[in-house]
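For reference, the structure is listed below as structure tokens.
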Amino acid sequence: MTDAVLFDARDDGIAIITINRPEQRNALNAEVRTGLTAAWQRFENDPALRIAILTGAGEKAFCAGGDLKEMVETGMRVPPRDFIPALYDNVQLSKPTIAAVNGLAFAGGWLISQNCDLCVASTTAKFAITEVKVGRGSPWAAPLITMIPQRIMMEIILTGKPITSQRAYEIGLVNRLAEPEALMDAAITLAKEVLEGAPLSVKAGRETVMLATEMGRSAALQAARAAHEHCYNSEDAQEGPLAFSQKRQPEWKGR
């Protein structure tokens, strides 16, 4: 871990990962990229942590994208595959994630928020894929077609103009909106709602969504059935109906 990325492992199973370069709008320089890679590995490898929230320090920016000054100094052309730690691309996780977008999410900032499973955004946040403004590219945006309509995606990429968090919510990019001062509370509330579910059911459900975005209907159904088999055969699958019949909260064991 580095000072550029903070890691808070809470007692309730939630990890909060914070990009900590507010003076540079939390741009993704080498230190941040290294810190994020370490943070995601720590989250994945800690069995006590079941869900993570990614956010940015300060009020102005979630993440303004790649550090353009660094790109000029290094003469970067095509970024290497592992240049930015991208969830479910070059970073593999088995647990759900939430982006808590507190300000600008531009370029690489859009990327890392897009790759989280869920997104809560401040009412003052803005999103943009700005690469056309600086002569760079956004190949990472390709999966966006499974999240928002084609023509809206086309306009966002071709113009590079920002959209408000309200617009992002309307097109399905954002799950929930919150006032700036209530953003983290809203993200934690959503995380706790996920944590109320049986761990194996949540894991299988998340895998089902990912499978459905990658496959055709028949193949996705077959793969999803296999993904849920462990869940159905677990102790929790018996505990859930029993707790319901006894009118009490289930005691999940994750096995």
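The values are calculated or read from the model by the stated rules, or taken from the named source; none is laboratory data. As the structure is a prediction and not an experimental result, all values here were calculated from the model. Counting neighbours? That spans all protein chains shown, and the Cβs are built from the backbone with ideal geometry, glycine included.
So for the stretch 31-44 (the condition being farther than 17 Å from ALA86 by Cα and over 14 Å from the mean Cα position of the chain (by Cα)), does at least one residue qualify? So that I can check it myself, show each step before the final result.
Of the residues in the stretch 31-44, the ones farther than 17 Å from ALA86 by Cα are none.
Taking every residue of the stretch 31-44 in turn, none turns out to be farther than 17 Å from ALA86 by Cα and over 14 Å from the mean Cα position of the chain (by Cα).
How many residues does the stretch 187-198 contain that are buried (at least 19 other Cβ atoms within 10 Å of the Cβ) and over 15 Å from the mean Cα position of the chain (by Cα)? Spell out how you get there, then give the answer.
At the first step, the residues of the stretch 187-198 found to be buried (at least 19 other Cβ atoms within 10 Å of the Cβ) are 187-188, 190-191, 194, 198.
Filter again for over 15 Å from the mean Cα position of the chain (by Cα), leaving 198.
So the count comes out to 1.
Look through the stretch 44-74, keep the residues that are modelled with pLDDT under 95, of a type in the set (Asp, Glu) and assigned to a helix (DSSP H, G or I), and return whichever of them is farthest from VAL202 (Cα to Cα).
GLU73
List the residue pairs whose Cβ atoms are under 9 Å apart, where the first residue sits in the stretch 223-242 and is in a helix (DSSP H, G or I), the second is among the aromatic types (Phe, Trp, Tyr) and at pLDDT 85 or above, and the two are 6 or more positions apart or on different chains.
Within 9 Å, the pairs are ASP236/TRP252; GLU239/TRP252; GLY240/TRP252.
Of all residues in the stretch 133-178, count the ones that are basic (Lys, Arg) and either assigned to a strand (DSSP E or B) or loosely packed, with under 12 Cβ neighbours inside 10 Å (or both).
So the first thing to find is which residues in the stretch 133-178 are basic (Lys, Arg), and the list is 133, 136, 151, 161, 167, 176.
Next, only the ones that are either assigned to a strand (DSSP E or B) or loosely packed, with under 12 Cβ neighbours inside 10 Å (or both) stay: 151, 176.
Selection size over the stretch 133-178: 2.
Can you tell me which residues in the stretch 1-43 are closer than 19 Å to ASP185 by Cα, part of a loop (DSSP other than H, G, I, E, B) and charged (D, E, K, R)?
ARG10, ASP11, ASP12
Can you tell me how many residues in the stretch 179-217 are more than 20 Å from MET147 (Cβ to Cβ) and not in a helix (DSSP H, G or I)?
Of the residues in that region, 4 qualify.
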